[in-house]
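J.: My questions will all concern the structure given below.
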Amino acid sequence: MDSRAPREYGGEIEAALEGRLPSLVTTADIRGDLHTHTNLADGLASLEEMATGAAARDYAYYAVTDHAPNL
């Protein structure tokens, strides 16, 4: 490793270009979500739609974190 390279450098770019990076996290590994917004704040879907989506993904946990003065 070049001593002038940033401390984060460990050959990641070359490994990625050569297809040698491991799969560390997949969508199957995700068990829930702790930061979501419904259409009551700045999200696009209703609370019911969001809860249905979380259930369809078989989430073990799910949090709605809406923020707005009128909530």
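J.: For the chain, just say rounded, prolate or oblate: build the C-alpha gyration tensor, square-root its eigenvalues into a ≥ b ≥ c, call rounded for a/c under 1.5, and beyond that prolate if a/b exceeds b/c, oblate if not.
T.: It is prolate, given that a/c is not under 1.5 and a/b is the larger ratio.
J.: At 7 Å along Cα-to-Cβ for each site, give me the label-to-label distance between residue 15 and residue 62 in nm.
T.: With each label point 7 Å from Cα toward Cβ, the separation is 3.5 nm.
J.: Each residue of region 23-30 in turn: what ³J(HN,Hα) in whole Hz from Karplus with 6.51, -1.76, 1.60 and θ = phi - 60°, glycine and Pro shown as x?
T.: The phi angles translate into 7, 8, 9, 10, 4, 5, 7, 7 Hz.
J.: Non-local amide H neighbours of residue 33 (under 5 Å, H modeled in plane, Pro and chain starts lacking H): which ones?
T.: Hits under the 5 Å cutoff: 61, 62, 63.
J.: Highest mean first, what order results for 21-34, 42-55 on Cβ atoms within 10 Å?
T.: 42-55, 21-34
Readers should treat all values here as calculations from the given coordinates under stated rules, not as data from a laboratory. Quantities reported herein were computed from a predicted structural model and do not represent experimental measurements. Because the Cβ atoms are built from the backbone with ideal geometry, glycine has one as well, and the counts that use them run over all protein chains shown.
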